[in-house]
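The values are calculated or read from the model by the stated rules, or taken from the named source; none is laboratory data. Only a predicted model underlies this, so the values are computations on that prediction, with no experimental measurement involved. Cβ placement follows ideal geometry from the backbone for every residue including glycine, while neighbour counts extend to all protein chains displayed. Heavy atoms of the whole protein, side chains included, go into the accessibility calculation; ligands, DNA and RNA do not. Shrake-Rupley method; radii C 1.70, N 1.55, O 1.52, S 1.80 Å.
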Amino acid sequence: MDALMLRSLQGYIIDTFGTSVWQAVCRRAALPGETFEPMLRYASGTADRVARHAAEVLGRPVETIWEDMGTYLVTNPDNDGVRRLLRFGGMGFVDFLHSLEEMPGRARLALPDLEMPEVELRELGPDRFEIRCRSEPGGMTSILVGILTAMADDYGVLCLIEPGPLGTIQVKILDCAHSAARRFDLARPDH
């Protein structure tokens, strides 16, 4: 999982802040190079360590770095495949939330060696959910907050999404039809 997080962090920082900022992060983290390959294995904890250095360089909390990266993964047009994969989770945002538990299994079908975090959804009441993300590295819960925020916008849903205790995320849906959902077709339109 570290490899995908590192590659995503690299893309987020370069696209958002520029190559020179990414190079500063790499120097500060004493990395041997400036590029991460998503299919290679890196030492456990490398993603968290690099994110801490990125937070220092950018002057932001590390949780904010991870959360913003999660949003970037869904909203950046170059990552449309991620958004499309997530939208296959359901016609509405609640359907999408219920599909989160299936994501690790689906990802392993495509990439058997991929270590995805286990996700558990609990329905606490009408329009109230708790999501538990069991993961190493530690930034995964913050990344998931960013992904959930971007997907709520994608579905046109107004909700509160907040990190809770012990790696949980609290979701309270306020309005399922707050704005128009972004267009989504099962078949990818021809370019």
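Observations on the model:
- Segment M91..E120, full-extension length gain: 8.4 nm, with 0.36 nm per residue of separation and the alpha-carbon distance subtracted.
- Whole-percent carbon and sulfur share, accessible surface of the chain, 1.4 Å: 53 percent
- Residue-wise HN-Hα couplings along segment 118-130, as the Karplus relation 6.51 cos²θ - 1.76 cosθ + 1.60 with θ = phi - 60° gives them from phi, are 7, 10, 10, 10, 10, 8, 8, x, x, 6, 10, 9, 10 Hz; Gly and Pro carry x.
- When only the Cβ of Lys, Arg, Asp and Glu is charged (+1, +1, -1, -1), the dipole of the chain relative to its Cα centre reaches about 240 debye.
- Cβ-based charge dipole, the chain, positive-most Cα from L73, L31, L144: L31
- Ordering of 61-73, 151-163, 88-100 by packing is 61-73, 151-163, 88-100, highest average first (other Cβ atoms within 10 Å, averaged per residue).
- In the chain, taking the dipole from charged Cβ atoms about the Cα centre, the farthest positive-side position among L100, L58, I173 is held by L58.
- Approximating the spin labels as points 7 Å out from Cα along Cα→Cβ, the V21-to-H178 distance works out to 2.5 nm.
- Extension gain (nm, one decimal) between E34 and E101, 0.36 nm per residue minus Cα-Cα: 20.8 nm
- Helix 46-58 vs. the chain, principal-axis angle (Cα, 0 to 90°, nearest 10): 80 degrees
- Over the chain, DSSP H runs of length four or greater, each weighted -39,500 (n - 2.57), average out per residue to a 222 nm ellipticity of -15000 deg cm²/dmol.
- For segment 124-183, a crude dipole built from +1 on the beta carbon of Lys and Arg and -1 on the beta carbon of Asp and Glu, taken about the Cα centre, is about 100 debye to the nearest 20.
- Whole-number percent relative contact order across the chain, with pairs defined as alpha carbons under 8 Å at least 6 apart: 18 percent
- The residues of the chain expose on average 53 square angstrom of accessible surface per residue, using a 1.4 Å probe on protein heavy atoms.
- (i) 83, 14, 12; (ii) 42, 22, 12; (iii) 28, 18, 17, with the label sought being that of the calculated semi-axes √(5λ) of the Cα gyration tensor in Å: (iii)
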